[in-house]
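Colleague: I'd like to ask some things about the structure below.
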């Protein structure tokens, strides 16, 4: 089965002349056992933002008839203008014979594949307004550090979590619909080390107070916080709590 290509959507290899374009590298990326991404792109809009979307393709189920995610890509001159934004992510996708849920393992591998095309100094933005990201939305609303949420933990593990901006807080009011998590890729290991103490202190404070969370959020978020703390302590060469950042 071949995905529909309405309007200006075309396969990445057909639309993009540059064989080194990161979206061409994303097309065919493996995100599960026998599962890969098939990427379609549209013409770049105002400001150079290029819409793209990806379908899942597997030998067993064929190609999904709707995209698993839609996104925007921008490759400006400076690192701050090199970014990727996931605008919509599907918890389930239609295939011939019915809908199938997107397993957590494939979700993680999709985030990794997208993070891999974000250059040093760039950033990855992902929505958390959808039902698929509702646990992340609840956790952030209750003050959980981004790296300890399901979405933020994936971004951190994928290398786009040196620091975070929660656009629900920084970009407007909680009711304006702008619920996005922005994760930054470090310029280099020195940049990672400079940003690590603040994140580590926030995660350690969270572990001290996490018993105040709803029980299901504790089960989801505490292991993610512990994993991030282990990585950050190793990055800084410390074995126990030594930072207190106000």
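Colleague: Please give the FRET efficiency for residue 91 paired with residue 187, using the beta carbon to beta carbon distance and R0 = 41 Å, rounded to the nearest 0.05. Walk me through the numbers on the way to the answer.
Modeller: Details: r = 34 Å, r/R0 = 0.83.
Using R0 = 41 Å, I get an efficiency of 0.75.
Colleague: Cα atoms only: what Rg and Dmax, in Å, come out for the stretch 118-169?
Modeller: Both quantities, over Cα of the stretch 118-169: 10.6, 31 Å.
Colleague: Nearest 10 degrees, 0 to 90: what angle lies between the long axis of helix 104-116 and the longest principal axis of the chain (Cα atoms)?
Modeller: With rounding to tens, the tilt is 90 degrees.
Colleague: Considering Cα pairs under 8 angstrom that are at least six residues apart, work out the relative contact order of the chain and quote it in whole percent.
Modeller: Numbers: 439 pairs, mean separation 31.6, N = 246.
Worked out over the chain, it gives 13 percent.
Colleague: Going by how many other Cβ atoms sit within 10 Å of their own, how do 36, 207, 199 line up, fewest first? Write out the running numbers ahead of the final one.
Modeller: Values: 36 19, 207 16, 199 25.
By the 10 Å Cβ count, ascending, the order reads 207, 36, 199.
Colleague: Along each of its three principal axes, how wide is the spread of alpha-carbon positions in the stretch 64-186, in whole angstrom units, largest first?
Modeller: Result for the stretch 64-186: principal-axis Cα extents of 45, 34, 25 Å.
Colleague: In nm², what is the average projected area of the convex hull enclosing the Cα atoms of the stretch 29-131? All intermediate terms of the calculation are to be shown ahead of the outcome.
Modeller: On the way: hull surface 27.7 nm².
Averaging across all directions leaves 6.9 nm² for the Cα convex hull.
Colleague: So what is the calculated 222 nm ellipticity per residue for the chain, using -39500 (n - 2.57) for each DSSP H run with n of 4 or more, over all residues, to the nearest 500 deg cm²/dmol?
Modeller: Value at 222 nm, helices only, nearest 500: -10500 deg cm²/dmol.
Colleague: Give the value in nm², to one decimal: projected area of the alpha carbon convex hull of the chain, averaged over all directions. Walk me through the numbers before you get to the answer.
Modeller: On the way: hull surface 59.1 nm².
Taking the Cα atoms of the chain, their convex hull projects to 14.8 nm² on average.
Colleague: What does the highest-first list of 157-165, 130-138 look like by mean Cβ count within 10 Å?
Modeller: Descending packing order for the listed peptides: 157-165, 130-138.
Each value in this text was obtained by applying a stated rule to the coordinates, not by laboratory testing. Just so it is clear, the model here is predicted, and its values are computed rather than measured. Glycine gets a Cβ as well: all are built from the backbone with ideal geometry, and neighbour counts include every protein chain shown.
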